[in-house]
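Step one of this worksheet: look at the structure below.
Bear in mind these aren't lab numbers, they're just calculated from the coordinates by the rules spelled out. Small disclaimer: the values here were computed from a predicted structure and weren't measured. Virtual Cβ from ideal backbone geometry, glycine too; neighbours counted across all protein chains shown.
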Amino acid sequence: MATVTAGEIRAATHEGLPRQQVVAFVIMVGALVAAPFFFYPVFLMKVLCFALFACAFNLLIGYVGLLSFGHAAYFGMGSYVAAHAAKVWGLPTELAILAGTAVAGVLGVVFGWLAIKRQGIYFAMITLALAQMVFFFSLQAPFTGGEDGIQSVPRGHLFGVIDLRSDLAMYFFVLAIFLMGFLFIYRVIHSPFGQVLKAIRENEARATSLGYRPDHYKLTAFVLSATLAGLAGATKAIVFQLASLTDVHWSMSGEVVLMTLVGGLGTVFGPVVGALTIVTMQNYLASFGAWVTVIQGVIFIVCVMAFRRGVIGEIANVLKKPL
Amino acid sequence: MREQTNGADGGRTPFLRVQGLNAWYGESHVLHGIDFEVHEGEVVTLLGRNGAGKTTTMKSIMGIVGRRQGSVVFKGTETIGLPSNRIARLGLAFCPEERGIFSSLNVEENLTLPPVIAPGGLSVETIFELFPNLKERLKSQGTKLSGGEQQMLAIGRILRTGARMLLLDEPTEGLAPVIVQQIGNTIRRLKQEGFTILLVEQNFRFAATVADRHYVMEDGHVVAMVRNAELDQRMDEIHEYLGV
């Protein structure tokens, strides 16, 4: 009998990525590299920012089972701080984005510490309440510009060299941020830490009696999710040169839930497809005005009634392989 | 109680000492002052009918019941005020009746999930030697295993951790005789390796083949302690308790 050591088993967990996921990743990267030559880069950057936001949200709901209804707080604060840092403090673009991301992370530590003490609907309500407090703070605080928001944020130069006023240069910068965030999340959910998260989601009492402290793991996942949501918001502020109340509004928290559900909860690629679907609808159906919201609502109902696993979740189910 | 339950082993300091243990599920008072002890290297069973409080006793030792009072001392440390994760890290490993296999993880991931809390756990080769099926099903999802394989995985994964005391809750429940035999062999092997085991069993015949002593429970109380060597003499009494 060939011997297998624990080290070899652990190594085996990380080596040999599932082939279908590698293929899907290559297709995604190929499509994203080619896309700006066929579609409007600013639209694509919006998709990428929301895709990263949805991936961050999915880390929490899909792999820990925590439904946060206040992720707009981290997205919005990331957006405001990056915009303020770039415009008022004159920080280089990359540092402004890092500042927005860091503030969202700190906010995640405080809000997460409060929220994870409760579960289910109570957890969702606490996160919503805290996000509403951030909304009213953003409405009143002088640095956010109130209803005007922070406008004309300079895109600046990447590392002082690459002029980001060019949409194409900005696009590839955003693509790099998105891919880093995406791969980081992929690494987290496939690490031993990610396995403990899944174990906690499935049977918290059992994970505890094996020797883990679920609250520590939940808080870490919450902070990672908030930080990445902040990164998405900060990037979005630089792309659109604008941070506004829309970014911290509760409807933003609802939209990210919708994107994740449409794409596929707990799937690696689902949030990306969900973000693409919803942002495309918002852009290309804009001529319908307020009806876009109604159409979104109908899609949400159809998704929940007809294909609860979401687009990618259903495909993965047919293929019998994780995606 | 018709037989003493303490001082069962000539004054040696017990590995696990449970005294006056009470437990509640909500308003329901389930354990009423349980007393027993387990010495290092022993295999001790808790016997009793359904609802006697055997599983609740295990869960109370691990700190996963709603409320508990009394004293549970493991290797000299009082654990009654500790959370479940701290108790596990003292070296107590629990294998629940429902097995608790994580369905979203495969066999390999389930096997490597529990944290190693001390050196001295079994190597993966030894676990595969005890349960060859696990090696063959390494990439299968936890829920795609048969009941016997799930039980092997549930036991196997806690052997890696370095915990020296195992709490096994009805490991033979619903399993085919050949698997029951394999689990019996495993328990005897673990005893040889120096593990201390507290076993909950309804299958009295199985318990008799592996245990050193038996505590009989009834309505949340320990009502008798029987050494394995005394089984034949006290069979009628045991049958009366167990209703067999």
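Helical runs assigned H by DSSP (4 residues or longer) give chain A a calculated mean residue ellipticity at 222 nm of -23500 deg cm²/dmol, each run adding -39500 (n - 2.57) before division by the residue total.
Treating the beta-carbon of each Lys and Arg as +1 and of each Asp and Glu as -1, no other charges, what is the dipole magnitude of the protein assembly as shown about its Cα centre, to the nearest 20 debye?
Values: 45 positive and 42 negative charges, 194 e Å.
Charge dipole, the protein assembly as shown, about its Cα centre: 940 debye, nearest 20.
Relative to the longest principal Cα axis of chain A, at what angle does helix A:310-319 sit, 0 to 90 degrees, rounded to 10? The angle comes out near 30 degrees. A Gaussian network model of chain B, with springs between Cα atoms under 10 Å, assigns the largest mean-square fluctuation among B:A163, B:A118, B:A23 to B:A118.
Report the local net charge at B:G20: Lys and Arg +1, Asp and Glu -1, summed over other residues whose C-beta lies under 12 Å from its C-beta.
Numbers: positive: B:R17, B:R68; negative: B:D35.
Spelling it out: positives minus negatives among the neighbours equals +1.
The lysines within cross-link reach of A:K87, meaning a Cα-to-Cα straight distance under 16 Å and a gap of 8 or more places when in the same chain, are A:K236.
Candidates A:A102, A:N58, A:A73 compared by Cα position along the dipole of region A:33-185: farthest toward the positive end lies A:N58, with charges placed on Cβ.
Just to confirm a number: summing +1 for Lys and Arg and -1 for Asp and Glu over residues other than A:I312 whose beta-carbon lies under 15 angstrom from that of A:I312, what do you get? Neighbour charge sum, excluding A:I312 itself: +3. Rounded to the nearest 0.05, the FRET efficiency derived from the C-beta distance between A:Y284 and B:L82 at R0 = 60 Å is 0.55. Overall, chain A carries a charge dipole of about 680 debye about its Cα centre when +1 sits on the Cβ of Lys and Arg and -1 on the Cβ of Asp and Glu, all other atoms neutral. Within straight-line reach of A:K218, meaning a Cα separation under 15 Å, sit the following aspartates and glutamates at least 8 residues removed in sequence or on another chain: A:E202, A:E204.
Along the axis of the charge dipole computed for the protein assembly as shown (Cβ charges of +1 for Lys and Arg, -1 for Asp and Glu, origin at the Cα centre), the listed residues B:T112, A:C49, B:I158 are led at the positive end by A:C49.
Looking at region A:131-186, which chymotrypsin sites (Phe, Trp or Tyr not before Pro) are in a loop (DSSP not H, G, I, E or B) and have at most 15 other Cβ atoms within 10 Å? Answer by residue number: A:F159.
Once R0 is set to 30 Å, what does the formula 1/(1 + (r/R0)^6) return for the Cβ-Cβ distance between A:R308 and A:H216, expressed as a FRET efficiency to the nearest 0.05?
Numbers: r = 31 Å, r/R0 = 1.04.
It comes to 0.45.
How big is the gap, in Å, between the Cα center of region A:255-286 and the Cα center of region B:37-51? For region A:255-286 versus region B:37-51, the Cα centre distance is 55 Å. Using the Cβ of B:A93 as centre and a radius below 13 Å, the other residues enclosed give a net charge of +4, where K and R count +1 and D and E count -1.
Against chain A, whose longest principal axis comes from its Cα atoms, helix A:93-115 is set at around 60 degrees.
Name the shape class, rounded, prolate or oblate, that the alpha-carbon gyration tensor gives for region A:192-323, where a ≥ b ≥ c are the square roots of its eigenvalues, rounded holds for a/c under 1.5, and otherwise prolate holds if a/b is larger than b/c and oblate otherwise. Cα axes put region A:192-323 in the oblate bin.
Under 26 Å between C-alpha atoms is the cut-off here; go through region B:16-242 and count lysine pairs that meet it, provided they're at least eight residues apart or on different chains. Don't skip to the end; give the middle numbers.
Details: B:K54/B:K75; B:K54/B:K191; B:K59/B:K75; B:K59/B:K191; B:K75/B:K191; B:K135/B:K144; B:K135/B:K191.
Count of close lysine pairs: 7.
How much length would be gained if the chain were fully extended between A:V42 and A:F193, taking 0.36 nm per residue of separation minus their Cα-Cα distance, in nm to one decimal? Mind dumping the intermediate values first?
Details: separation 151, 0.36 × 151 = 54.36 nm, distance 3.57 nm.
Roughly 50.8 nm would be gained on extension.
Once both labels are positioned 7 Å from their Cα atoms along Cα-to-Cβ, the gap between B:R205 and B:E240 label points is 2.4 nm.
Shielding of peptide B:97-106 by partners, expressed as the average count of other chain Cβ atoms within 10 Å per residue Cβ, is 4. If R0 is 56 Å, the Cβ-Cβ spacing of B:E27 and A:D163 corresponds to a FRET efficiency of close to 0.20.
Charges were assigned to the Cβ only: +1 to each Lys and Arg, -1 to each Asp and Glu. The resulting dipole of region B:42-95 about its Cα centre is roughly 160 debye. Compute the angle between helix A:270-284 and the longest alpha-carbon principal axis of chain A, please, reported from 0 to 90 degrees and rounded to the nearest 10. With both axes taken from Cα atoms, the answer is about 30 degrees. Note on chain B: dipole from Cβ charges, positive end direction compared against B:Y25, B:F36, B:A229; the farthest Cα belongs to B:Y25.
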